[in-house]
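Any read-out appearing in this document is the output of simple, stated calculations on the displayed coordinates, not a laboratory observation. Since this is a predicted model, take the numbers as computed values, not measurements. Note: ideal-geometry Cβ built from the backbone for every residue, glycine included; neighbour counts use all protein chains shown.
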Amino acid sequence: MKSWALVVLLCLGYGLLTSSLQARPMWSNLILTHHWPSTFCSVQHCHSTFDYWTLHGLWPNLGQECNSSWHFNETLIQDLLPDMNKSWPDLKKPGSSKFWKYEWQKHGTCAAKAESLNSQHKYFDKALELYHKLDLDGVLKSVNIVPSETYYMFDHIEGSLINLYKVKPKIQCNFPEGENFQILGQIEICFNSDFQLDDCVHDETDTVTLTDFLNVKGTGFRVCDHSKPVYYPPLKGKPSM
């Protein structure tokens, strides 16, 4: 292929990428989502060795799968992989990049509408930066909210996070059938487009299903019930605090 023709094709490809992104409305908030490995694996029948809150994803409040032609490329984030494997692992298959590929295609391509997140490296790097800045695991431990066989009141958990972060999070639980308690599963903390902490806006019926990525029916988290005690399960085989 002649060099001028290659240049034309590259320009056309860039133009299609740009127009695809511009056609989508700009998001106004980002949701940094953490999940508790012990709860996740109790639902998904996996065995986790992670005893701290790990990243589920960084989700813009508008859009999903905004550019199917923008494929995930692990070589672009090689310098981030040690932290990715520790902070953002695939809980069902540690060491795999399949989960990151899914998160990029579904959420990252939409987050990339913002110039500050318009590459794979920028997106994953920012997610890790916000995750470490929040230090959810350390913050909960600082107020003695730790995995335990003793139940917590939901208002205690939510109130502690509001007091520490000065914004309202979204806390989600799993609800075992026939039980009068709920299991702490996921915590979302939100940011505005300038990456400043912001209140999470949600409906009490909000549900996050795990079926789309995991292809497992009947699983998911929904906003915790204020009236039910919360079980924050320890890692199996590890003594509770």
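For LYS168, the amide hydrogen comes within under 5 Å of the amide hydrogens of ASP199, CYS200, counting only partners 5 or more places away or on other chains and with H modelled in the peptide plane. Pairs from the list LYS86/LYS126; LYS98/LYS170; LYS93/LYS141; LYS113/LYS170 with a Cα-Cα gap above 18 Å: LYS98/LYS170; LYS93/LYS141; LYS113/LYS170.
Per-residue extension of 0.36 nm, minus the Cα-Cα distance of ASP225 and ASP51, leaves a gain of 60.2 nm for this segment.
Couplings 3J(HN,Hα) for region 124-140, derived from phi with the Karplus relation 6.51 cos²θ - 1.76 cosθ + 1.60 (θ = phi - 60°), are 5, 5, 5, 4, 5, 4, 5, 4, 6, 5, 6, 6, 3, 4, x, 5, 5 Hz, where x marks Gly and Pro. Placing a pseudo-label 7 Å from each Cα along the Cα-to-Cβ vector at LYS141 and ASN180 gives an inter-label distance of 3.4 nm. Our note on the geometry: Cα centres of region 61-94 and region 143-168, 29 Å apart.
Under a 5 Å amide H cut-off, with hydrogens placed 1.01 Å from N, TRP59 pairs with ILE31, LEU32, THR33 among residues at least 5 apart or on other chains.
Phi-derived couplings, Karplus 6.51 cos²θ - 1.76 cosθ + 1.60 at θ = phi - 60°, listed residue by residue for region 115-121: 4, 5, 10, 8, 8, 4, 5 Hz, with x used for Gly and Pro. For region 30-231, the calculated P(r), taken from all Cα-Cα distances in 10 Å bins from zero up to the bin holding the longest distance, is 8, 36, 38, 15, 2 percent.
Think of region 30-231 as having a plus end and a minus end, set by charges on the Cβ of Lys, Arg, Asp and Glu; of GLN44, ASN163, HIS132, GLN44 sits farthest toward the positive end of this dipole.
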